[in-house]
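A short worksheet on the structure shown next.
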Amino acid sequence: MTYFRKLTGFIQKAENDSKINPSHICLYVALLKCWSDNNFNNPVSIDREELMRTSKTKSKVTYHRGLKALHAGGYIKYMPSFHPLKGSEVWL
């Protein structure tokens, strides 16, 4: 699936989802960038600092809530890593 189709599908689904707010949309777009940087391969190993910077998220709480909400809504598959040297993984 192409980058544009992923983004379009997300927007169409998010339009009717009252639980999705602008911070979720920004985080999803930042995840799309990571996916693109990973040559569109899943899973994507994510870096919290990079995603927060790219999505303009200032709070770790907002970041983690956003990932969990996107996962719960079926927009992504999020597998958190509690290992300090191994990044969490996301499937788009």
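The values are calculated or read from the model by the stated rules, or taken from the named source; none is laboratory data. Note that the structure is a prediction, hence the values are computed from the model and not measured. Virtual Cβ from ideal backbone geometry, glycine too; neighbours counted across all protein chains shown. Heads up: the accessible areas ignore ligands, DNA and RNA and are worked out on the full protein's heavy atoms, side chains in. Shrake-Rupley method; radii C 1.70, N 1.55, O 1.52, S 1.80 Å.
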Residues of the chain: accessible area per residue with a 1.4 Å probe, Å²: 65 Å²
Around Ser55: net Lys/Arg minus Asp/Glu count, Cβ-Cβ under 15 Å: +4
Positive-pole candidate from Asn42, Ser81, Asn21, dipole of the chain, charges at beta carbon: Asn21
The chain, relative contact order [Cα under 8 Å, separation at least 6], %: 30 percent
Of the DSSP H helices in the chain, those whose Cα atoms cover at least 20 Å axially and whose Kyte score averages -0.5 or more: 22-37
Check: the chain dipole with +1 on Lys, Arg Cβ and -1 on Asp, Glu Cβ, in debye: 200 debye
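One quarter of the convex hull surface, Cα atoms only: what value does that give for the chain in nm²?
Projected over every direction and averaged, the Cα hull of the chain covers 5.5 nm².
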